[in-house]
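To start, the structure itself, in structure tokens.
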Amino acid sequence: MRHLLDIRDLSTAEIDELMDRAEDIIDNPKKYSECMHGKKLATLFFEPSTRTRLSFEAAMLELGGSVLGFSEPNSSSAAKGESVGDTVRTVGCYADIIAMRHPREGAPMAASFVSPIPIINAGDGGHNHPTQTLTDLLTIRREKGRLNQLVIGCCGDLKFGRTVHSLIHAMMRYKSIRFVFISPKELRVPDYVLETLQKAGVSYVEVEKLDDVIGTLDVLYMTRVQRERFFNEEEYLRLKDSYILDVDKMKLARKDLAVLHPLPRVNEISVKVDDDPRACYFRQVAYGKYMREALLMKLLEVEA
């Protein structure tokens, strides 16, 4: 039995294999439409989600399987004080695989120690979100045609953004990757992530203004700058507009830039950017379903 708790649980060859499978599902959906017949996915979401939860559920249903679970802790026995471990042991009696989101870092890992069935980390606090990263990788590969020789800009909340941390750990495996980290000093990439890049010899720079670097990027990964993370309201007001991607900033970007966002969006990308062909974030949502289909098949050892 195998779990997916961190993107680093997968080898580069396995990630490439998952992307190949996802693309085959895109091209040949009927081939896969009944491969999960009789299998059940449990979605245990201890904090709110739209895309990730529905993406997992749509993935299982499109493979011919079924879904059960809950979308908030108040609708589970967690509201009565039941431990995550006991919840997982119980659900393991009813399902074949679990996708879990939890606000506490490490909760899916703790659950995996007692689970009788595979656990997929669907996001744990500010730590990791490996299936979003698989989605991001497929998006980049389909939009750019490659996963090497890229300049990747990560913009916004890079300190607490679990999707950014997972993306960094995944993309640093590929050749000739350079990161540009765009954030206020309060929300910079954590030191432990930077140390990993330094040890691997991966190039990166840290800047505060998006306008200064957007023209150098192949990929721009946007995230929300969270007002509540600032200690100083004046500082937030001074910097916040630097991290809103609008039509004027897009004029400074390359014609082949790919703009990604894990969503939900608040105001960090103007809706006027949505019609720009370089805006990939809604295509990114669709790719997520196919990547999760491929992952479910891999962890349950199912073939089409």
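Give the relative contact order (percent, whole number) for the chain; include only Cα pairs under 8 Å separated by 6+ residues.
Computed value for the chain: 20 percent relative contact order.
Could you work out the local net charge near R51, counting Lys and Arg as +1, Asp and Glu as -1, over the other residues with Cβ closer than 12 Å to its Cβ?
For residues surrounding R51, the net value is +4.
Efficiency by 1/(1 + (r/R0)^6): what FRET value for E47 and K255, r their Cβ-Cβ distance, R0 = 30 Å, to the nearest 0.05?
Step by step, r from the Cβ atoms, then E = 0.20.
How much area per residue is accessible in the range 171-212 when the probe is 1.4 Å and only protein heavy atoms are counted (Å²)?
Ligands and nucleic acids excluded, the result is 53 Å² per residue.
Obtain the nm distance between the two label points defined at D212 and K185 by a simple spin-label model: each point lies 7 Å from its Cα along the Cα-to-C-beta direction.
1.3
Provide the per-residue ³J(HN,Hα) series for the range 63-68, in order, calculated from phi with Karplus coefficients 6.51, -1.76, 1.60 and θ = phi - 60°, each as a whole number of Hz, with x at glycine and proline positions.
Result, rounded to whole Hz: 8, x, x, 10, 9, 9.
Any idea which of I15, L296, V247 is furthest toward the positive side of the dipole for the chain, if Lys and Arg beta-carbons carry +1 and Asp and Glu beta-carbons -1?
After comparing all options, I get I15.
Under a point-charge model restricted to the Cβ atoms of Lys and Arg (+1) and Asp and Glu (-1), what is the dipole moment magnitude of the range 182-304 relative to its Cα centre, in debye to the nearest 20?
I would put it at about 240 debye.
Using label points projected 7 Å from each Cα along Cα→Cβ, tell me how many nm separate D274 and T12, to one decimal.
Output for this residue pair reads 3.8 nm.
Please list, by residue number, every one of the GluC sites (Glu not before Pro) in the range 1-61 that is coil in DSSP and has at most 14 other beta-carbon atoms within 10 Å.
Those satisfying the criteria are E34.
On the accessible surface of the chain, probed at 1.4 Å, how many percent belong to carbon and sulfur atoms?
Ligands and nucleic acids excluded, carbon and sulfur give 48 percent.
Rounded to the nearest 10 Å², what accessible area does K144 show when all protein chains are kept and the probe is 1.4 Å?
Taking all protein chains as shown, K144 has close to 30 Å².
The values are calculated or read from the model by the stated rules, or taken from the named source; none is laboratory data. Remember, it's a predicted structure, so these values are computed and weren't measured experimentally. Cβ: placed from backbone, ideal geometry, glycine included. Neighbour counts: every protein chain shown. Only protein heavy atoms, including side chains, enter the accessible area calculation; ligands, DNA and RNA are left aside. Shrake-Rupley method; radii C 1.70, N 1.55, O 1.52, S 1.80 Å.
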